[in-house]
Amino acid sequence: GGPSSAGGNSEEDSQKRAAAEQKQSILSQILEPFAADRLNRIRMVNAQRAEDVENRLIMLARSGQLRQRVTEEQLKDILGAVAKQQEEQGGGSGGVGKVVVQRRKGGWDDDDL
């Protein structure tokens, strides 16, 4: 038996963990709860976009441009800016930052019976 870690450099892993914890600490200070919740939901769907938004928020905080905690509406604005920037750079999933719900037409529903 050896160490239970799955290979890799454990010092590098601990540095990444520390950086992630520091990032989360900063974000918890600058985001209102609803904004933080929205960012977490975005992370589940598009981790890269969430990370870009986090980096932009931290950059704004460090440069002193954030006067108060970021609201959900302000987060939406930043999200839109990040989505537009990714689109201009040709990155992302090719889609625009909007969610389109397409409902199936026709067919049977339980309440039709």
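Values quoted throughout were computed directly from the atomic coordinates according to the rules given, and no laboratory measurement underlies them. Since we're looking at a predicted model, the values are computed, not measured.
Numbers below:
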{"quantity": "5 angstrom amide H check on VAL70, placed H, neighbours 5+ away", "calculated": "LEU31, GLU32"}
{"quantity": "Using θ = phi - 60° and Karplus 6.51 cos²θ - 1.76 cosθ + 1.60, couplings along region 19-33 (whole Hz; Gly, Pro as x)", "calculated": "5, 5, 5, 5, 4, 4, 5, 5, 4, 5, 7, 9, 10, 6, x"}
{"quantity": "Length added when fully stretched, LYS105-ARG43, from 0.36 nm per residue minus Cα-Cα", "calculated": "19.2 nm"}
{"quantity": "Karplus-derived 3J(HN,Hα), 6.51/-1.76/1.60, for each residue of region 64-75, Hz, glycine and proline x", "calculated": "x, 7, 9, 8, 9, 5, 6, 8, 5, 5, 5, 5"}
